[in-house]
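Engineer: This is the structure, below, for whatever I ask next.
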Amino acid sequence: MALYVQKFGGTSVGSIERIKKVAERVGRFRKEGHDVVVVLSAMSGETNRLIALAKEIHEEPSPREMDMLVSTGEQVTIALLAMALEQAGIPATSYTGAQAGIITDQSYSKARIKKIDTDGIKQDLKQGRVVVVAGFQGVDEEGNITTLGRGGSDTTGVALAAALNADECQIYTDVDGVYTADPRICAKARRLEQITVEEMLELASLGSKVLQIRSVEFAGKYKVPLRVLSSFEENEGPGTLIVADDEESLSMEEPLISGIAHNTNEAKLTVLGAPDIPGVAAKILGPIGDANIEVDMIVQNVSPDGKSTDFSFTVGRGDYKKAYTLLEGVVAEMGAGKVVGDTAIAKVSLVGVGMRSHAGVASLMFKTLAAAGINIRMVSTSEIKISVVMDENFTELAVRTLHTAFGLDKAE
């Protein structure tokens, strides 16, 4: 008998019919003798509906009251699933985050889990009950309800699996695993049987939306076996297993590239003619960091005379206007040339632990893009990743051609 923590997202519980399907799936695990803890999101669209209601009352509502409001979405689904399980003859108990003993810090809307008191859950499991926990939420040490941020139900699931020492945490979603590329734009993308935590962290940070990055960090830190499965297929198949880098199950020779991620939510900013003196980068990026704007790729080019420099970096498109305005003030203060920007860019990235032991990855990537007529505007690398910035119009072509060039296409 094993202990499974199963997390179901908003689309998986988006209707009464789908909630009944989840109950059937959980019931099959119980009939096989396994213990099951289920973590649920709110019904798809419910959190957005609650936020819209708040905005009708107050343009800038209190963070505490917002967390109080949006946490109610999950309470609906956990109660309904517990009812569905009871109707099917399976004893079940629903828990809010607070009742599940999930203690967080006081950062409303982006709280982090500090500890979990699992005594209540363990007691119910011993009595043969399925425990249904509200994802995305917890409670601080003063008793205030907090939420973990968008996608926080994934984090709840992995954190509970770690605290309960579960055999596996299963994330049920609308895809049947992690793919070598987005199958919506690359028809030859393959589902990966297995991927390392390190690779999944890179893919999640670079645009892959299969898992919330914090949940992957949790899985890596606490060595939680994490599996991505489809909740819409009758026979969900094996999905994709995400394992720690040192798992014995990893093959001796890793594939060169495991996956390709892309992100079209990018914007580029450049300060032209900045003085080439110590501290210029800090002067440019200081106000950006103070405004809590995340900077991604950075490139600095020194002019031939060695007196000035062009400083470029990328930010999320939602932060573009704010960052542009801040840079105009910086340029005026330091006596630089001017600020220019571009919102029609995209980032395409190759990810694979095999890069550590193979040379020529960047060379093949650049040759492939050049042959397709795609100009590279920025480059960033790490041990297991190469990212390039290009015109957004070439995103899909770049993903497909690189997918073929690196041997990721599925067999016909």
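The values are calculated or read from the model by the stated rules, or taken from the named source; none is laboratory data. Note that the coordinates shown come from a computational prediction; the quantities given were computed from them, not determined experimentally. Note that each Cβ is placed from the backbone with ideal geometry, even for glycine, and that neighbours are counted across all protein chains shown. Areas reflect the complete protein model, heavy atoms only, side chains present, ligands, DNA and RNA absent. Shrake-Rupley method; radii C 1.70, N 1.55, O 1.52, S 1.80 Å.
Engineer: Go through the range 109-163 and count every residue that is aliphatic (A, V, I, L, M), in a helix (DSSP H, G or I) and open to solvent by 10 Å² or more (accessible area, probe 1.4 Å).
Structural biologist: Count: 3.
Engineer: Search the range 298-334 for residues being polar (S, T, N, Q) and open to solvent by 40 Å² or more (accessible area, probe 1.4 Å), and hand back the single one that is farthest from Gly273 (Cα to Cα).
Structural biologist: In the first step, residues of the range 298-334 are kept if they are polar (S, T, N, Q); the result is 300-301, 303, 308-309, 312, 314, 325.
If we keep only those that are open to solvent by 40 Å² or more (accessible area, probe 1.4 Å) as well, we get 300-301, 325.
Numbers: Gln300: 11, Asn301: 10, Thr325: 17 Å.
Restricting to residues being polar (S, T, N, Q) and open to solvent by 40 Å² or more (accessible area, probe 1.4 Å), the top hit is Thr325.
Engineer: Counting only residues that are farther than 16 Å from Met66 by Cβ and either under 20 Å from the mean Cα position of the chain (by Cα) or not hydrophobic (A, V, I, L, M, F, W, C) (or both), how many does the range 100-121 have?
Structural biologist: Looking only at the range 100-121, we keep the residues that are farther than 16 Å from Met66 by Cβ, and these are 100-103, 105, 112-121.
Retained after the next criterion (residues that are either under 20 Å from the mean Cα position of the chain (by Cα) or not hydrophobic (A, V, I, L, M, F, W, C) (or both)): 101, 105, 112-115, 117-120.
Summing the residues that are farther than 16 Å from Met66 by Cβ and either under 20 Å from the mean Cα position of the chain (by Cα) or not hydrophobic (A, V, I, L, M, F, W, C) (or both) in the range 100-121 gives 10.
Engineer: Residue by residue through the range 24-68, note down the ones that are within 20 Å of Met1 (Cβ to Cβ), assigned to a helix (DSSP H, G or I) and open to solvent by less than 10 Å² (accessible area, probe 1.4 Å).
Structural biologist: Within the range 24-68, Val26, Gly27 qualify.
Engineer: Same structure again: Restrict the check to the range 90-103 and report whether at least one residue is crowded, with 18+ Cβ neighbours inside 10 Å, modelled with pLDDT of 95 or more and in contact with a Leu (Cβ under 6 Å, 6 or more places away or on another chain).
Structural biologist: Among the residues of the range 90-103, at least one is crowded, with 18+ Cβ neighbours inside 10 Å, modelled with pLDDT of 95 or more and in contact with a Leu (Cβ under 6 Å, 6 or more places away or on another chain), which makes the answer yes.
Engineer: Across the range 126-164, what is the total count of residues that are farther than 18 Å from Thr72 by Cβ, in contact with a helix residue (DSSP H, G or I) (Cβ under 6 Å, 6 or more places away or on another chain) and aliphatic (A, V, I, L, M)?
Structural biologist: Residues flagged as farther than 18 Å from Thr72 by Cβ, in contact with a helix residue (DSSP H, G or I) (Cβ under 6 Å, 6 or more places away or on another chain) and aliphatic (A, V, I, L, M) within the range 126-164 amount to 5.
Engineer: Restricting the range 372-399 to residues that are of a type outside the set (Gly, Ala, Ser), in contact with a strand residue (DSSP E or B) (Cβ under 9 Å, 6 or more places away or on another chain) and part of a helix (DSSP H, G or I), which is surrounded by the fewest Cβ atoms within 10 Å (Cβ to Cβ)?
Structural biologist: It comes out as Asn393.
Engineer: With respect to Ile78, is the statement that it is modelled with pLDDT of 95 or more and either open to solvent by less than 30 Å² (accessible area, probe 1.4 Å) or assigned to a loop (DSSP other than H, G, I, E, B) (or both) true?
Structural biologist: yes
Engineer: Then there's this: Are there any pairs, at least 6 apart or on different chains, whose C-beta atoms fall under 9 Å, with the first in the range 57-73 and under 19 Å from Gln106 (Cβ atoms) and at pLDDT 95 or above and the second open to solvent by 80 Å² or more (accessible area, probe 1.4 Å) and not small (Gly, Ala, Ser), and if so, which?
Structural biologist: That search, which allows pairs on different chains as well, returns Glu65/His58.
Engineer: Also, I was wondering about something else. Going by what's in this entry, would Gly207 be described as touching a His at 6+ places or on another chain (Cβ under 8 Å), crowded, with 16+ Cβ neighbours inside 10 Å and assigned to a loop (DSSP other than H, G, I, E, B)?
Structural biologist: Yes, satisfied.
Engineer: Return the total of residues in the range 339-371 being modelled with pLDDT of 90 or more and exposed (fewer than 14 other Cβ atoms within 10 Å of the Cβ). Step through it out loud before you land on a result.
Structural biologist: Start the filter on the range 339-371 by keeping residues that are modelled with pLDDT of 90 or more, which leaves 339-352, 361-371.
This time we only want the ones that are exposed (fewer than 14 other Cβ atoms within 10 Å of the Cβ), so: 344, 363, 367, 370-371.
Adding up the residues that qualify gives 5.
Engineer: Counting just the residues of the range 1-23 that are part of a helix (DSSP H, G or I) and open to solvent by 20 Å² or more (accessible area, probe 1.4 Å), which one comes out modelled with the lowest pLDDT?
Structural biologist: Per the criteria, the residue is Thr11.
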